[in-house]
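Heads up: the structure comes next, in structure tokens.
Where a number appears in this text, it was derived from the coordinates with a stated rule and is not lab data. Everything quoted here is computed from the prediction, not taken from an experiment. All Cβ positions, even for glycine, are placed from backbone atoms using ideal geometry, and neighbour counts span all protein chains on display.
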Amino acid sequence: MVDSRMVITGQTLAYTFYCIVIILLIVWFSIKVTGKGKGLSVKPAIFYTFVGFLTVLGVSLHLITYNTIPWAEMDLNRSDYNPDKTFVIKVKDHQFIMPSDKLVINVNDKVLFDVQSEDLTYGFGLFRNDNSMMFQMQVVPGHRNDLLWQFDREGVYTIRSTEYSGPKGVFMILKDVVQVIPAKATN
Amino acid sequence: MSFIKTLINGEQELFKSESLTPMQKLTLRFVVVGLIYFGFVVIEGMLMRLYEYKPLPFITEPQFFAILTAHPLVGIFGSTYLIVFGAFLFLVPFLMKKPLWSIKLGNWTFILITVGTFTFWFAGFVSHYAPLYTLYWPLPADFTQFSVWGGTFFITGIALVMIGSAFFVINIFKTIVYTPEGWDKQPSKALLASALGITGFRNLFTKNKKEHLVPLPVAAVARGSVDVALNTAIILFTGVLILVYMVAAILGFDLKSTAIDALLYKNWFWWGLDLIADGLVLIFVAGTWYLLATMISGKPLFMQNIARAALLVELIVSWTVWSHHLLSDQAQPAILKVVSGEMVTAFELITQGLAFFITLATLWSARPLKMTNPLKFLLGGLLGFALAVPAGIMQADVGLNRILHNTQWVVGPHVHVAILIGLTMTLYSTIYILFPIITNGAKIYSQKLVNVHFWCHLTGGIGMGAFMGMAGLHGMLRRSLYLHGEFNIYMLFAAICGTLLLIGFLSFFFNIVMSVGIKGVIGIFTPAKIKTKDLVPSS
């Protein structure tokens, strides 16, 4: 599965390009609307074309991401998959209670993180060493909070709560507790 | 004229508070207090920005989170609600060409929102009450970290704001439908149907098309007010629910584990809260853009009927998009995530895009225009939403939300750019266009300061959003602290942009005070000498 960093890079490029275009458009409009020229009404055809463009854009964005972001389909249909490993993690009193000191995962394994809160609403996220986010989900008490993920490369990851649960929540960090190792190592 | 004399009496002594009607005074009170609260928000934002860079010695950690909790609420209710409500209580009667239904009720709206905002802000300041994020009271309630008494006062403050909001809604609808004394009987039902879009909807299916009795901007205010009413009911109910938890805690009972399902509650709350962000804000803003575009250009609105229909679509969309806040909640049904969270939310791109296009097309029809203050701030407002709405649509995607939810991306390029650039610059445009009308011809003290305000606000707001966004894309969470300087480079640049915002605001505030003078500012808060229901003096 493609690393989420790749998706972020794509998004950054797309949004930056869009921002530059829209800022230039407003600058151009500001110059033109106050410059020399005669006021003309815009043709309805241009308006309807614009409406059509927005409609296609709005719908296609989600279709494109569904078909290109690898975890999107797997996430929505996760009950159809058989995970290679399942980790049940409990959360209580602003503490993650882990099944073992380290969660060891093989590259390309599909791993299910089943996180259960026994008191408040928390978050559960995996972060790389440079603090960038791999993924996250909400952890709501009384409900199943499960996330299926396939790791495509080796690495060491930190668990951190991604939802505000009062000042104590800031310190819900377990450094380097998830280890992704080569597939061969445990085969 | 000397500086001191201008400071006391205003620019060229043109502003005379004793010449103001009760309606003008009411509107100015809303705006002045709204701007003071905006000052609170800017200063709080700067403090938090600096704290994110390096913890400040005079702010404790609980205090930081208390500021974090109060900051958006003061911004939404204390600043935006006050300025928007004040402007609409003036504009609706102005456009309907009849007096406001009740100036007294208008004054109560002002008092309740002003006092309510101060109450919750002060409760947070004293007790460091901080369990909220944005406006969300998570259940089950956690009283181990927070003062129950602080929370009780905090929620009482919110309740006062909500009652004030309810009074605003009543006043708006009554003003649209009532018959002023001495007038011929007004067609109340037809007026209401026109305001809510029922007439326009019927016209789609009949040959005998009825004319629109209510001007388009009033229709926008009415439809946005429907969302204000629904939101008020939800927040009030939720406030009462939390108070039940708090009173129980005061009496020694722990309701930590109750029958209230955390996810169901979360759906309920976000449904109500989203009526602000994805409902009334977008509808009010579109209506204001249309009004400003027609006032600035002096031309009829481009594609008026489509614009009217889009406002109705926006209202319905606002009732069905809440699930985009729950895309990271794995127990949320997938159908809700896809239909409500993704697809219906994408409609906002269309409705807001239409409003953007219609406004630009209306301005275009009147070229060449002079780059006046209302026009430049309006263009800034349009740019703000053009940047922020697509950012929101991106995060309202099942795939992207997995790596964007609760990061600084959400609050930077989406929330702050939408509010600071999109909404606030639209409000500034309205303030500049209404200023001569509600002050009986007072003059702005310095055009240079207006320009400083414009550029500092625009570049500061976009820049701050951009650097927060970059931090978010690199994994920085919102409502969190990084004590080892992990994201300091982004926070430093965001703080510099925040400083620009502060400079812009101070320039604006100083300019307004110099325009009306300190005497004038005080005069706004004294009882009106002219006894009339008219909006402006008759002579």
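Observations
- A Förster radius of 45 Å, combined with the Cβ-Cβ distance separating B:Gln12 from A:Val56, puts the computed FRET efficiency at roughly 0.25.
- Computed with the Debye formula from one identical point scatterer per Cα of segment B:411-539, without solvent, the log10 of I(q)/I(0) at q = 0.09, 0.17, 0.21 Å⁻¹ comes to -0.39, -0.91, -1.16.
- Angle between chain A longest axis and helix A:44-68 axis [Cα atoms, degrees, rounded to 10]: 20 degrees
- From most to least packed by mean Cβ count within 10 Å, the peptides B:118-129, B:261-272 give B:118-129, B:261-272.
- Residue by residue along A:47-56, Cβ atoms of other protein chains within 10 Å of the local Cβ number 4 on average.
- Between A:Asp146, A:Asp80, A:Asp119, the residue with the greatest mean-square fluctuation in the GNM of chain A (Cα pairs under 10 Å linked by springs) is A:Asp80.
- Using alpha-carbon coordinates, inclination of helix A:4-34 to the longest axis of chain A, degrees: 20 degrees
- Order of B:Glu11, A:Glu118 under a 10 Å beta carbon neighbour criterion, fewest first: A:Glu118, B:Glu11
- Within-15-Å neighbourhood charge of B:Leu196 [Cβ basis; K, R +1; D, E -1]: +4
- Cα-based Rg and Dmax for segment A:83-186, where Dmax is the largest Cα-Cα distance (Å): 13.2, 42
- From the largest down, segment B:12-158 spans 54, 38, 22 angstrom on the principal axes of its Cα atoms.
- Relative protection proxy for A:84-96, B:207-219, from highest mean packing down: B:207-219, A:84-96 (other beta-carbon atoms within 10 angstrom).
- Local electrostatic count, B:Trp183, Cβ distance below 13 Å [Lys/Arg +1, Asp/Glu -1]: +2
- Ranked by the mean number of other Cβ atoms within 10 Å of their residues, highest first, the peptides A:21-29, B:389-397 come out as B:389-397, A:21-29.
- Proximal lysines relative to B:Lys448, as straight alpha-carbon distance under 18 Å, when same-chain residues fewer than 8 apart are discounted: B:Lys370, B:Lys376
- Remark: A:Asp130, B:Asp274, A:Asp114, A:Asp176 ranked as A:Asp130, A:Asp176, A:Asp114, B:Asp274, counting other beta-carbon atoms within 10 Å and listing the fewest first.
- In chain B, the calculated helix contribution to ellipticity at 222 nm averages -22000 deg cm²/dmol per residue, counting -39,500 (n - 2.57) for every DSSP H run with n ≥ 4.
- Shielding score for B:475-483, defined as the mean number of other chain Cβ atoms within 10 Å: 6
- Helix runs (DSSP H) in chain B reaching 30 Å along axis by Cα, Kyte-Doolittle at least 0.0: B:22-53, B:103-127, B:148-177, B:216-250, B:373-395, B:447-473, B:488-524
- Averaged over peptide A:64-71, the number of partner chain Cβ atoms lying within 10 Å of each residue's Cβ comes to 3.
- The Cα trace of chain A gives Rg and Dmax of 22.8, 76 Å, the first to one decimal, the second as a whole number.
- Against the compact-protein benchmark of 2.2 N^0.38 Å, the Cα-based radius of gyration of segment A:19-115 scales to 2.04.
- Here the Debye sum runs over all C-alpha atoms of segment B:60-260 as equal scatterers in vacuum, and log10 of I(q)/I(0) at q = 0.16, 0.19 Å⁻¹ comes out as -0.97, -1.20.
- As computed over chain B, the Cα convex hull volume per residue (Å³): 165 Å³
- Summing charges over neighbours of B:Ser318, with a neighbour being any other residue whose Cβ is under 11 Å away from its Cβ, gives -4 when K and R count +1 and D and E count -1.
- Each residue, B:Arg202 and A:Ser132, gets one label point 7 Å from its Cα in the Cβ direction; the gap between the two is 5.9 nm.
- Over 24 Å between alpha carbons, listed pairs A:Lys92/B:Lys266; B:Lys16/B:Lys299; B:Lys97/B:Lys519; B:Lys207/B:Lys299; B:Lys209/B:Lys533: B:Lys16/B:Lys299; B:Lys97/B:Lys519; B:Lys207/B:Lys299; B:Lys209/B:Lys533
- Its Cα centre serving as origin, the protein assembly as shown has a Cβ charge dipole (Lys and Arg +1, Asp and Glu -1) of approximately 2900 debye.
- Above 33 Å, the calculated P(r) of the protein assembly as shown contains 51 percent of its Cα-Cα pairs.
- Dipole axis of the protein assembly as shown (+1 Lys, Arg; -1 Asp, Glu on Cβ), positive-most option in B:Ala277, A:Val7, B:Thr424: B:Thr424
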